[in-house]
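Scroll down for the structure; my scribbles are underneath it.
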Amino acid sequence: YTILSKVHSDRNVYPSAGVLFVHVLEREYFKGEFPPYPKPGEVSNDPITFNTNLMGYPDRPGWLRYIQRTPYSDGVLYGSPTVENVGKPTIIEITAYNRRTFETARHNLIINIMSAEDFPLPYQAEFFIRNMNVEEMLASEVLGDFLGAVKNVWQPERLNAINITSALDRGGRVPLPINDMKEGVYVMVGADVPFSSCLREVENPQNQLRCSQEMEPVITCDKKFRTQFHIDWCKISLV
């Protein structure tokens with residue numbers, strides 16, 4: 001028998017170079033492609049996985065990462081588009097696989113990278129957040145909350161998320177499946193004003209000593225983050 005492959009319409013997106021790009025592959029969006037088409041009110045929950053690659057190549061461009069935790073969760077493409085690709089459409093082929101019926105649906109995501117007039121922002125800080133996995137951090141409301149907290153302690157005119165990296169991509173260990181342990185994520189942000197005194201507190205001798213002894217440094221503005229984000233201040237990087 002023949003496995004049908006449906007082709008979806010192309011979708012264009014216009015991210016800026018040097019600014020975090022996030023595109024969610026929604027299972028709901030692709031579910032309608034696979035028969036039997038559910039009747040109104042019926043719930044179908046087939047396992048769906050995605051394959052993503054640069055058109056004509058086996059993998060994605062180097063700046064673009066992809067994560068899908070399970071076949072029952074959405075997939076997410078994310079990364080920081082590079083200046084070299086400004087003005088050249090980057091075509092990503094997306095193939096959705098229905099793991100129950102073995103059918104596929106395809107569509108193209110056309111990434112048109114724009115140049116950002118204020119790129120790069122002159123001051124960049126990278127935070128390590130211990131209590132998050134990368135796909136949780138990529139959720140717009142969570143990322144918005146984090147940027148709000150950073151804005152509060154830094155007070156810039158302009159602030160952008162530049163990139164997000166799972167600790168696993170930096171050689172971190174897969175956490176044990178106990179107590180809801182998280183992998184941890186690095187979040188790079190850029191701003192247009194020098195680092196605030198709070199962000200520099202980790203550089204004082206007492207805190208450097210505490211970090212060298214694997215003790216928590218004393219950071220006055222940590223309370224602005226603590227309710228939601230557990231930051232490892234010893235790992236903050238100011239560029």
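Derivation of every value follows stated rules applied to the coordinates shown; laboratory data play no part. Quantities reported herein were computed from a predicted structural model and do not represent experimental measurements. Every residue, glycine as well, gets a Cβ built from its backbone with ideal geometry; the counts of neighbours run over all protein chains shown.
Rounded to the nearest 5, the antiparallel percentage of DSSP beta bridges internal to the chain is 85%. Between the exposed loop cleavage positions of the chain, defined as chymotrypsin sites (Phe, Trp or Tyr not before Pro) in a non-H, G, I, E, B DSSP state with at most 14 neighbouring beta-carbon atoms within 10 angstrom, the longest gap is 103-239. The GluC sites (Glu not before Pro) of region 134-200 meeting both criteria, a DSSP state outside H, G, I, E and B (loop) and at most 16 other C-beta atoms within 10 angstrom of the site's C-beta, are E157. Distance between the C-alpha centers of region 113-153 and region 167-239? Whole Å please. First find each Cα centre; the distance between them is then 14 Å. In summary, the chain shows an alpha-carbon radius of gyration equal to 1.17 times the 2.2 N^0.38 Å reference for compact globular proteins.
Helix content alone sets the calculated 222 nm mean residue ellipticity of the chain: runs of n ≥ 4 DSSP H residues at -39500 (n - 2.57) each, divided across all residues, give -4000 deg cm²/dmol. Averaging the sequence gap over all C-alpha pairs within less than 8 Å and six or more residues apart, then dividing by the number of residues, gives region 5-111 a relative contact order of 42 percent. Charging the Cβ of each Asp and Glu at -1 and of each Lys and Arg at +1, and nothing else, the dipole of region 5-111 about its Cα centre rounds to 100 debye. With a Cα cut-off of under 19 Å and a minimum spacing of 8 residues unless on different chains, the lysine pairs in region 123-238 number 5.
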